[in-house]
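Remarks on the structure that follows.
The values are calculated or read from the model by the stated rules, or taken from the named source; none is laboratory data. The shown structure was predicted, so the numbers you read here are calculated from the model rather than taken from an experiment. Here Cβ is always computed from backbone atoms with ideal geometry, including for glycine, and neighbour counts include all displayed protein chains.
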Amino acid sequence: GDTLRRIAGLLERDRDQIAAIVSAETGKSPNDALGEAGGAIEMGFFVAGEGRRSYAKTTTSGVANRQAMTIRQPLGVAGLIIAANTPIANVAWKVFPALLCGNGVVLKASEDTPETASAFCRLAAEAGVPAGVLNLVHGMGEEAGQPLVEHPDVAVVSFTGSTSVGRMIARTAGERLAKVCLELGGKNPLIVCDDADLEAAAQAAALSAFSNAGQRCAAGSRLLVFEAVYERFRDLMLEQAAAQRVGPGDEHDYGPVINEGQLDQMIAAVASARERGATVLCGGERLTGPDHDGGFYMPPTLVETAELDSQELFGPIATIRPVSGFEEALEAANDSPYGLTASIWTASVHRGQEFLARIQSGVASVNGPTYGSEPHMPFGGLRDSGNGWREAGTEAIEVYSDLKTVYVNHDPSAV
């Protein structure tokens, strides 16, 4: 834990420089990049503290003069494949717990954000991580990621990215029975009840849908609104969308998406939904003009349809539609191949508790946005959003370590 604490301290020392790299590679504002760097620092300090605990158990035995316990052991080599949406946070979420558990690490950086990962690894070396313990590879998935997944000496593969690639990784690594941790996509619902604070709910929904240009696996991209307040809430969301300032500076609410291919896919998806009868309430086209030429900018986009509810678009796009009441809202929220995060806005503690009990997601919130994970809490999803493991929190240790059951026998007469 001491070495990890030094890495976190160096990240804190160089926070401005790290944030500048993140901003340059992703296009997000300097302030947003500073916030992301702060999250990575907090993750480092949290995981470093777990080095003093490394949870296992000691218990009694059914056999006289016998002690039963478990000890935690490293797996070997951890292959870590990260996404570009929050690059320094993604590195921290995987590298810190993998190193804590005693593994050697091969980190495959996103091809869109290579320098962020390089900067982290330089600080790790400065902190005293021995040569060969933390290794960095750059390249496209086929040339750098796939060999890592296929290599027989890689004991655990941890991947953050699309569900389609996650399935390929699970198949390939599964052939050799390697451990696989998948943190995949989401199409996360936000329910607005008729007793909700509509203005606060609209603010939370806009942040969930549009912040970080919608490039969050936890983005709130499905808005399910009680009929009684639907028109009012829809108008509030249109006001929120119109107020969004799009650009790369601190005066802007969000920046570009990561590359042109992603932008083209989003625009095509919205156009296809429109052709099938969806109503595009705002946005849907590439932003152009002096402030946006040369960048991959998409305006806040609201689509009145269920057509896009099963497709993760990873951009500032949300669908919105009315529901008759709580039961229909819950049914619609659960009617998705994904199950990552979810939120409900209501003044009723009863509705809130029933929602928490019945929503099918790995993370759920009452009167909050769909995103906002904390370092000490587990994060992960169900179904197409993951394969059961959790990142962050103490639970991350389970991904990168194994348990050995140990029995110690003694003879009292030999004392």
Legend entry - Criterion violated by residue 154 - all others in (1) touching a residue at least 40 places away in the same chain (Cβ under 8 Å); (2) of a type outside the set (Asp, Glu); (3) over 30 Å from residue 101 (Cα atoms) satisfied: (3)
Inset, instruction - Please name all residue pairs, on different chains or six or more residues apart, with Cβ atoms under 7 Å, provided the first residue is in the stretch 40-51 and is over 12 Å from residue 101 (Cα atoms) and the second residue is acidic (Asp, Glu). - result: 41/12
Legend entry - Sole residue being surrounded by 22 or more Cβ atoms within 10 Å (Cβ to Cβ) and part of a helix (DSSP H, G or I), chosen from 124, 119: 124
Inset, instruction - Give the stretch 168-192 a look and list any residue that's under 21 Å from residue 147 (Cβ atoms) and either modelled with pLDDT under 95 or in a helix (DSSP H, G or I) (or both), or say none. - result: 168, 169, 170, 171, 172, 173, 174, 175
Legend entry - The one condition in (1) more than 15 Å from the chain's Cα centre (by Cα); (2) β-branched (Val, Ile, Thr); (3) outside the structural domain of residue 71 (by TED's automatic domain parsing); (4) crowded, with 20+ Cβ neighbours inside 10 Å that residue 349 fails to fulfil: (4)
Legend entry - Hey, residue 305 more than 29 Å from residue 23 (Cα to Cα), surrounded by fewer than 20 Cβ atoms within 10 Å (Cβ to Cβ) and not aromatic (Phe, Trp, Tyr) or not: yes
Legend entry - Residues being on the phi > 0 side of the Ramachandran plot and not in a loop (DSSP other than H, G, I, E, B) - total across the stretch 364-385: 1
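Let's see how each residue does on (1) part of a helix (DSSP H, G or I); (2) modelled with pLDDT under 95; (3) under 20 Å from residue 43 (Cα atoms); (4) within 20 Å of the chain's Cα centre (by Cα):
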| position | (1), (2), (3), (4) |
| --- | --- |
| 63 | no, no, no, no |
| 70 | no, no, no, no |
| 83 | no, no, yes, yes |
| 91 | yes, no, yes, yes |
| 94 | yes, no, yes, yes |
| 98 | yes, no, yes, yes |
Legend entry - Conditions (1) farther than 30 Å from residue 399 by Cβ; (2) of a type outside the set (D, E, K, R); (3) without any contact (Cβ under 8 Å) to a residue 12 or more places away in the chain; number of the one not met by residue 164: (1)
Inset, instruction - Can you confirm whether the stretch 221-243 contains a residue that is surrounded by 24 or more Cβ atoms within 10 Å (Cβ to Cβ), within 23 Å of residue 110 (Cβ to Cβ) and not aromatic (Phe, Trp, Tyr)? - result: yes
Legend entry - All positions within the stretch 135-159 that are of a type outside the set (Phe, Trp, Tyr), touching a strand residue (DSSP E or B) at 6+ places or on another chain (Cβ under 7 Å) and closer than 14 Å to residue 170 by Cα: 145, 148, 149, 154, 155, 156, 157, 158
Inset, instruction - For residue 323, state whether it is within 25 Å of residue 354 (Cβ to Cβ), buried (at least 20 other Cβ atoms within 10 Å of the Cβ) and either among the acidic types (Asp, Glu) or over 21 Å from the mean Cα position of the chain (by Cα) (or both). - result: yes
Inset, instruction - Could you grab the pairs with beta carbons closer than 7 Å, sequence gap of 6+ or different chains, first residue in the stretch 105-123 and farther than 15 Å from residue 140 by Cβ, second one acidic (Asp, Glu)? - result: 115/25; 116/25; 123/14
Legend entry - Inter-residue pairs, beta-carbon under 6 Å, first free of Cβ contacts under 8 Å to residues at least 60 places away in the same chain and in the stretch 383-405, second buried (at least 20 other Cβ atoms within 10 Å of the Cβ) and part of a loop (DSSP other than H, G, I, E, B), 6+ apart: 390/380
Legend entry - Flag for residue 310 being under 12 Å from residue 188 (Cβ atoms), part of a loop (DSSP other than H, G, I, E, B) and touching a Lys or Arg at 6+ places or on another chain (Cβ under 8 Å): no
Legend entry - All positions within the stretch 268-294 that are out of contact with any strand residue (DSSP E or B) (no Cβ under 9 Å at 6 or more places or on another chain) and under 18 Å from residue 210 (Cβ atoms): 286
